[in-house]
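Note sheet for the following structure.
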Amino acid sequence: MRLSKSFTIEPDINNYVEETKGERSASERVNELLRRAMLQEQYDKLATEAEQFYSVANGERTEARAMQKASLRSFGRD
């Protein structure tokens, strides 16, 4: 189901839509662009989450390596 909405669009965006819509309507082109923008935002969010996850994981890995080295030194003394 499609909803009729009214939005204000900047002239340069409107020009871009008109130039790139081809045989489709401007509404179809705008919807296509919005879907692509939504996907891009989701990818950006996932990339940020992955970056945060791996930065924490790398910190934990550094601590784990330090613990392993200390354990090996301890075993070497025994």
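Bear in mind that the values in this text are calculations on the coordinates, not laboratory data. From a predicted model like this one, the values you see are computed outputs, not experimental measurements. All Cβ positions, glycine included, derive from the backbone under ideal geometry; neighbour counts span all protein chains shown.
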| Which net charge results when you count Lys and Arg as +1 and Asp and Glu as -1 among the other residues whose beta-carbon is under 14 Å from that of T20? | -2
| Taking Cα atoms, how many degrees apart are the long axis of helix 11-20 and the longest axis of the chain, rounded to 10 and kept between 0 and 90? | 80
| query | Of Q52, S4, N15, whose Cα points farthest to the positive end of the dipole of the range 1-77 (charges on the beta-carbon: +1 Lys, Arg; -1 Asp, Glu; origin at the Cα centre)? | reply | Q52
| note | Quick calc, the chain, dipole around Cα centre from Cβ unit charges on Lys, Arg (+) and Asp, Glu (-), nearest 20 debye, gives 480
| task | At a temperature of 37 °C and a viscosity of 0.692 mPa s, determine how fast the range 25-77 diffuses translationally according to Stokes-Einstein, using the Kirkwood radius over alpha-carbon pairs as Rh; express D in µm²/s, rounded to the nearest whole number. | result | 224
| message | To test your reading of the geometry: what angle, between 0 and 90 degrees and rounded to tens, separates the Cα axis of helix 26-77 from the longest principal axis of the chain? | response | 0
| Between R24 and residues 5 or more places away or on another chain, which pairs have amide H atoms under 5 Å apart, with H built 1.01 Å from N, and which residues are they? | none
